[in-house]
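Peer 1: One structure, as structure tokens, below. Some questions next.
The values are calculated or read from the model by the stated rules, or taken from the named source; none is laboratory data. In this text the structure is predicted, and so the values were computed from the model without any measurement. Using ideal geometry, Cβ is built from the backbone for each residue, glycine included, and neighbour counts are taken over all protein chains shown.
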Amino acid sequence: MESGEREPIDAVITWVDGNDPNHKVKLEKALGGRSRKKIPGADNTRFGNVNELKYCLLSILTFAPFIRKVFIVTDEQDPEVDPYIKKYFPERMEDIRIVDHKEIFRGYERFLPTFNSRSIEAVLWRIEGLADNFIFLSDDMFLVKAIATEDLFIHHKPVMRGVWLPKPVFRNAWNALRKGVNKHFLNNPDFQPKPSFHVGQWNAAELLGFKWRYFFSSHTPHTVNRKTVEHFFSKNPEFLEKQISYRFRHNDQYNCASFYYHLEIRKGNRHFAAPSFSFLHPFGRKEGYIDRKIRECEEDPEIIFMNIQSLELCELKDQEKIIGWMEKKLNL
């Protein structure tokens, strides 16, 4: 951005403690006796954590100090971030706020409680006091190098990280075939394929009029212009209401980051960038995998983000290796 044109940029982190007894009671009630195996979006690993939030939050404050406010979105839970913010960034205490689902679902309380990240991400822009330019990320995403505002927004427009891909014709056909077989031959009319990362992004593009290709984004912090999203949903409220009506992730939903990016592309935004991230899925990997991924992050100057999935499933020694590396990166 040019001097004198800078606008504040906020960050929004979605977080849940799946071990919370109250959360478990709500989840079981929402399942209504159905097996989690019947609902792909109810997988245990979607709600697990080993305090990744601490490192996600501290990585933002360390490597993106220009971020004005950080909002942590929860469902009647306390992530207890005060102790380490006081210890490492006492001057930022007032810049961290916990936001409950009731705030962002105001007027749509009938859809609560929800256990669906795609529904939650569809209403993050409704946080009170949120900057017009903001990023959102889950607590398993981290910054691993210092970044500048231009890595996120250029002249108030989101920088969109990803690649163009063709319409997922074969994946869609396969899903349609599976649904048909389950409905007509296996007496399972409610069958839904596991929500696909690719299909969710294609759903977003298709809803917005894209015919043959879509802009595929990865597991990185996503940039959003709040006014763009608010304007669209004010004109098309049905797009929002259907999206947030699902309590668990569903294959018919759209990926929200993709939806927001395709809104930008329709407006003429062409600020595309490489994903610039490392994807780390350490559970069940061969010896040396974690070391290789860490070395890749250290040696490749283009990597500025990291996504670490299902860390809670790993052996303690692997968790300690990854957490130890992050603490070293953050000078803790």
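Peer 1: For ALA131, all conditions in the list (1) among the small types (Gly, Ala, Ser); (2) assigned to a loop (DSSP other than H, G, I, E, B); (3) within 27 Å of GLN309 (Cβ to Cβ) hold save one; what is the number of the exception?
Peer 2: It fails just one condition, (3).
Peer 1: Out of ASN251, ASN236, I need the residue that is closer than 22 Å to GLN309 by Cβ and surrounded by fewer than 21 Cβ atoms within 10 Å (Cβ to Cβ). Which one?
Peer 2: The match here is ASN251.
Peer 1: So which residues in region 152-172 are under 21 Å from the mean Cα position of the chain (by Cα) and of a type in the set (Val, Ile, Thr), if there are any at all?
Peer 2: If the condition is that a residue be under 21 Å from the mean Cα position of the chain (by Cα) and of a type in the set (Val, Ile, Thr), then VAL159, VAL163 are the ones that fit.
Peer 1: Let me ask something else. Farther than 16 Å from PRO221 by Cβ, at pLDDT 95 or above and assigned to a helix (DSSP H, G or I): is that true of ARG171 in this structure?
Peer 2: Against the criterion (farther than 16 Å from PRO221 by Cβ, at pLDDT 95 or above and assigned to a helix (DSSP H, G or I)), ARG171 does not qualify.
Peer 1: What pairs come out if I take residues in region 148-162 that are in contact (Cβ under 8 Å) with a residue 24 or more places away in the chain and pair them with residues that are buried (at least 21 other Cβ atoms within 10 Å of the Cβ) and of a type in the set (D, E, K, R) whose C-beta lies under 6 Å away, six or more apart or interchain?
Peer 2: Sorted first by the residue in region 148-162, then by its partner, the pairs are PRO158/GLU264.
Peer 1: Out of CYS256, CYS297, I need the residue that is in contact with an Asp or Glu (Cβ under 7 Å, 6 or more places away or on another chain), surrounded by 13 or more Cβ atoms within 10 Å (Cβ to Cβ) and either at pLDDT 95 or above or of a type outside the set (Gly, Ala, Ser) (or both). Which one?
Peer 2: CYS256
Peer 1: Yes or no: region 308-324 includes at least one residue that is more than 21 Å from the chain's Cα centre (by Cα), within 26 Å of ALA148 (Cα to Cα) and in a loop (DSSP other than H, G, I, E, B).
Peer 2: No, there is no match, as no residue in region 308-324 is more than 21 Å from the chain's Cα centre (by Cα), within 26 Å of ALA148 (Cα to Cα) and in a loop (DSSP other than H, G, I, E, B).
Peer 1: Go over the candidates PRO193, PRO189 one by one and state the one that is in a loop (DSSP other than H, G, I, E, B), modelled with pLDDT under 90 and buried (at least 16 other Cβ atoms within 10 Å of the Cβ).
Peer 2: That would be PRO193, the only listed residue that is in a loop (DSSP other than H, G, I, E, B), modelled with pLDDT under 90 and buried (at least 16 other Cβ atoms within 10 Å of the Cβ).
Peer 1: Turning to a different aspect of this structure: How many residues are hydrophobic (A, V, I, L, M, F, W, C) and either touching a strand residue (DSSP E or B) at 6+ places or on another chain (Cβ under 6 Å) or in contact (Cβ under 8 Å) with a residue 24 or more places away in the chain (or both) if we restrict to region 177-204?
Peer 2: Matching residues across region 177-204 total 4.
Peer 1: Another question about this same structure. Among the residues of region 113-120, are any small (Gly, Ala, Ser), under 23 Å from GLY268 (Cα atoms) and modelled with pLDDT of 95 or more?
Peer 2: no
Peer 1: Which residue is farthest from ARG247 (Cα to Cα), if the candidates are limited to region 115-157 and must be aromatic (Phe, Trp, Tyr) and in contact with a Lys or Arg (Cβ under 7 Å, 6 or more places away or on another chain)?
Peer 2: The residue in question is PHE134.
Peer 1: Going through VAL50, VAL70, VAL25, VAL16 one at a time, which residue ends up being closer than 20 Å to VAL144 by Cβ, modelled with pLDDT under 95 and not polar (S, T, N, Q)?
Peer 2: VAL50
This table checks each residue for (1) in contact (Cβ under 8 Å) with a residue 24 or more places away in the chain; (2) touching a helix residue (DSSP H, G or I) at 6+ places or on another chain (Cβ under 7 Å).
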position	(1), (2)
ASN255	yes, yes
ALA273	yes, no
PHE277	yes, no
PRO282	yes, yes
ARG285	no, no
GLU296	no, no
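Peer 1: Restricting attention to region 249-271, which residues are within 15 Å of the chain's Cα centre (by Cα) and either on the phi > 0 side of the Ramachandran plot or assigned to a loop (DSSP other than H, G, I, E, B) (or both)?
Peer 2: Residues satisfying the conditions are ARG249, GLN253, TYR254, ASN255.
Peer 1: Can you tell me which residue is surrounded by the most Cβ atoms within 10 Å (Cβ to Cβ) among those in region 111-148 that are small (Gly, Ala, Ser) and in contact with a Ser or Thr (Cβ under 7 Å, 6 or more places away or on another chain)?
Peer 2: Of everything passing the filter in region 111-148, SER138 is surrounded by the most Cβ atoms within 10 Å (Cβ to Cβ).
Peer 1: Return only the number of the condition from (1) surrounded by 12 or more Cβ atoms within 10 Å (Cβ to Cβ); (2) touching a residue at least 40 places away in the same chain (Cβ under 8 Å); (3) of a type outside the set (Gly, Ala, Ser) that TRP174 does not satisfy.
Peer 2: Unmet for TRP174, out of (1) surrounded by 12 or more Cβ atoms within 10 Å (Cβ to Cβ); (2) touching a residue at least 40 places away in the same chain (Cβ under 8 Å); (3) of a type outside the set (Gly, Ala, Ser): (2).
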